[in-house]
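Shown next, in structure tokens, is the structure this report addresses.
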Amino acid sequence: MIRFRIFGCIVELSFLFVAATACTVLLDRTGCILSTLFASVLHECGHLTAMFCFGGAPEKITFGVFNIDIVDQNRTRRGYRQDFIILLAGPAVNLILFVLLYAMSCLIPGVNVVFAASTHLLIGLFNLLPVESLDGGQILYALLCERITPERASRWVLAVSFFSLLPVAAMGFIVLLQSKYNFSLLLASCYLIGQLLLRRGRYE
């Protein structure tokens, strides 16, 4: 594990994350991986900026192979409405950048950033899925906790997560059959379903 500190926040990079990132960047000839990584970093920056605005920097950020985990002890002192804004900030950054980049491609001759715009759109929408491990699931939890107990909210989010992932996994399987090589959506769906089965959600 590679560990360093930035502005009082501990940043941890797993060796598998570094190795997987290096291999995919070196092997990727389309620029897809770099675009996805850049969009993901900006997504997390949206969350972090919102946290700083509410006066609470995270204690630790861990980069794993399949996820980026932000340890934020200050959330226990915040209300659910502030939590909602922080969770929404990540996808909002991606969707705003999608609009800006797409507008640039349409309005400025010779500028073609449609692929980068599409990457931001996909990451923003995917993270808004009402799945426990994603921003959408955490947003749903925060909204439900305004009306029902946290225990009931957690059960509702778990049920909604399963029903949301089933069609996504089916779509990933169809994409794999049609493309013969693109298994990324199916892999992501299976990983998220595995997290639900193991009850590794943030609020469990």
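The values are calculated or read from the model by the stated rules, or taken from the named source; none is laboratory data. Keep in mind it's a predicted model, so treat the numbers as computed, not measured. No Cβ is skipped: glycine too gets one built from the backbone with ideal geometry, and neighbour counts run over all protein chains shown. The protein model used for the area step is the full one, side chains on, heavy atoms only, and it has no ligands, DNA or RNA in it. Shrake-Rupley method; radii C 1.70, N 1.55, O 1.52, S 1.80 Å.
The table for this structure:
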quantity: Options Ala159, Ala117: the member that is closer than 28 Å to Leu97 by Cβ and either modelled with pLDDT under 85 or part of a helix (DSSP H, G or I) (or both); calculated: Ala117
quantity: Neighbours by Cβ (under 7 Å, 6+ apart or cross-chain): first from the range 136-151, farther than 10 Å from Arg81 by Cα and in contact (Cβ under 8 Å) with a residue 60 or more places away in the chain; second open to solvent by 20 Å² or more (accessible area, probe 1.4 Å) and of a type outside the set (Phe, Trp, Tyr); calculated: Gly137/Pro130; Gln138/Arg202
quantity: Within the range 127-147, tally of residues that are surrounded by 13 or more Cβ atoms within 10 Å (Cβ to Cβ) and either out of contact with any Pro (no Cβ under 9 Å at 6 or more places or on another chain) or assigned to a loop (DSSP other than H, G, I, E, B) (or both); calculated: 11
quantity: Residues of the range 35-55 classified as β-branched (Val, Ile, Thr) and open to solvent by less than 70 Å² (accessible area, probe 1.4 Å), total; calculated: 1
quantity: Extreme residue, nearest to Val131 (Cα to Cα), among residues of the range 91-121 that are within 20 Å of the chain's Cα centre (by Cα) and among the hydroxyl-bearing types (Ser, Thr, Tyr); calculated: Thr119
quantity: Subset of the range 75-126 (residues that are open to solvent by 90 Å² or more (accessible area, probe 1.4 Å), of a type in the set (Lys, Arg) and touching a residue at least 24 places away in the same chain (Cβ under 8 Å)); calculated: Arg81
quantity: Selection count where residues are open to solvent by less than 60 Å² (accessible area, probe 1.4 Å), touching a helix residue (DSSP H, G or I) at 6+ places or on another chain (Cβ under 9 Å) and modelled with pLDDT of 75 or more, scope the range 166-194; calculated: 12
